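The values are calculated or read from the model by the stated rules, or taken from the named source; none is laboratory data. What you are looking at is a predicted structure, and each value in this text was computed from that prediction instead of being measured. Don't worry about glycine lacking a Cβ; one is built from the backbone with ideal geometry, like all the others, and counts go over all protein chains shown.
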Amino acid sequence: MAATIVIGVPNWPSAEVTANIIAQVLQQHYDVDTRLRPLGSVEMFDAMDRGEVDVHPEVWLPNLQTFIDEYGDKRGTIKLSPIGVTAAQHLCTTRETAEATGLHSVADLAKPEMAANFDTDADGKGEMWIGAQTWSSTRIERVRAKSYGYNDTMLLLTMPEDMAMASLDAAIATSQPIVFYCYSPHYMFALHDIVTLQEPAHDPQNWHIIRAEDDPAWLANSTAESAWEPSHFHVAHATELEESFPEIVSFLDKIALTSEEAAQMSYAIHVERRDPAEVATTWIGENEARIEEWTK
């Protein structure tokens, strides 16, 4: 009986497609079965540490750096591939919103008169989406809201990304002001006229994130009053794979997707409504030469 490699599937589109690419390539080129296991990114680290998941297809940094420090450096149960994909994280608005309200900087959101532009239920606070409940970035966005002071003026919404993007589409269609967490690569920048809010450049001196798992008062004791540092994401694997399947680890360490490909995957899932497995199959068919190099 062939061994089974378990691949975690985080709930955002590029990671869903990458997980399926990895699964299909492993089935085609190695004597293993694969199983996809949907999990929140934070929970996935615990599952990998317990030996229940073998591959994380998209570890974002700096979002998950504290988890890499814990499970990679301290426990030694997880390793990152050396090749990363360039990414970025911001707060965004539409150009129409910026021109209509004068919203240009993150600090503007702490002003009650600015927040009032985003108050759709007349409760005295504006609303903004900061990510899905299970995303590591969502925790950090809560810290940023506290640090900048707009947690007092804005209601921080968490919901699945597809719901948030539907809200963005509706807001644009009705000229409703909207502000939200954004990241790239992402299809929204190709589909809409999106602008990022200004803020001070990343400053390590005022950026200190504590894991909720380490401190019940993590939010109060964390700070992040500057922009995100330049981001990137990597494939990760359970360290134990290096002994049992070194050839698979070699493949995982060679995977080199581009930012443009990740954005196209995002577009295929959210805009074209294609199935991640089908998108992965198409991508594999168009990139056989690259995969041949990765699997040597």
Subset tally (residues that are closer than 17 Å to Cys92 by Cβ and under 22 Å from the mean Cα position of the chain (by Cα)) for segment 125-147:
13
A careful count of residues in segment 7-31 that are outside any helix (DSSP H, G or I) and either within 27 Å of Trp135 (Cα to Cα) or of a type in the set (D, E, K, R) (or both) gives 7
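Conditions tested, residue by residue: (1) in contact with an Asp or Glu (Cβ under 8 Å, 6 or more places away or on another chain); (2) of a type outside the set (Asp, Glu); (3) surrounded by fewer than 24 Cβ atoms within 10 Å (Cβ to Cβ); (4) more than 21 Å from Ala164 (Cβ to Cβ).
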site: Ser14; (1), (2), (3), (4): yes, yes, no, no
site: Gln24; (1), (2), (3), (4): no, yes, yes, yes
site: Asp33; (1), (2), (3), (4): no, no, yes, yes
site: Pro38; (1), (2), (3), (4): no, yes, yes, no
site: Glu43; (1), (2), (3), (4): no, no, yes, no
site: Met48; (1), (2), (3), (4): yes, yes, no, yes
Residue list for segment 59-82, filter: part of a helix (DSSP H, G or I), in contact with an Asp or Glu (Cβ under 9 Å, 6 or more places away or on another chain) and either surrounded by fewer than 16 Cβ atoms within 10 Å (Cβ to Cβ) or hydroxyl-bearing (Ser, Thr, Tyr) (or both)
Thr66, Tyr71
Of the conditions (1) among the aromatic types (Phe, Trp, Tyr); (2) out of contact with any Lys or Arg (no Cβ under 9 Å at 6 or more places or on another chain); (3) farther than 23 Å from Trp60 by Cα, Phe118 fails just one. Which one is it?
(2)
Segment 34-67, residues that are hydrophobic (A, V, I, L, M, F, W, C), under 24 Å from Thr86 (Cα atoms) and more than 15 Å from the chain's Cα centre (by Cα):
Val55
If you take the residues in segment 246-276 that are part of a loop (DSSP other than H, G, I, E, B) and surrounded by fewer than 21 Cβ atoms within 10 Å (Cβ to Cβ), which one is modelled with the lowest pLDDT?
Val271
Does segment 162-169 contain any residue that is outside any helix (DSSP H, G or I), on the phi < 0 side of the Ramachandran plot, charged (D, E, K, R) and surrounded by fewer than 19 Cβ atoms within 10 Å (Cβ to Cβ)?
no
Hits in segment 88-132 - residues which are among the small types (Gly, Ala, Ser) and either under 30 Å from Glu260 (Cβ atoms) or in contact (Cβ under 8 Å) with a residue 12 or more places away in the chain (or both)
Ala88, Ala98, Ala100, Gly102, Ser105, Ala107, Ala110, Ala115, Gly126, Gly131, Ala132
If Met128 satisfies every condition in (1) part of a helix (DSSP H, G or I); (2) closer than 30 Å to Asp46 by Cβ; (3) at pLDDT 95 or above but one, which is the exception?
(1)
If the Cβ limit is 7 Å and pairs must be 6+ apart or interchain, which residue in segment 38-57 that is more than 16 Å from Ile5 (Cα to Cα) pairs with which residue that is part of a helix (DSSP H, G or I) and among the small types (Gly, Ala, Ser)?
Ser41/Ser136; Val42/Ser136
Test result for Ser226, over 21 Å from Asp73 (Cα atoms) and part of a loop (DSSP other than H, G, I, E, B):
yes
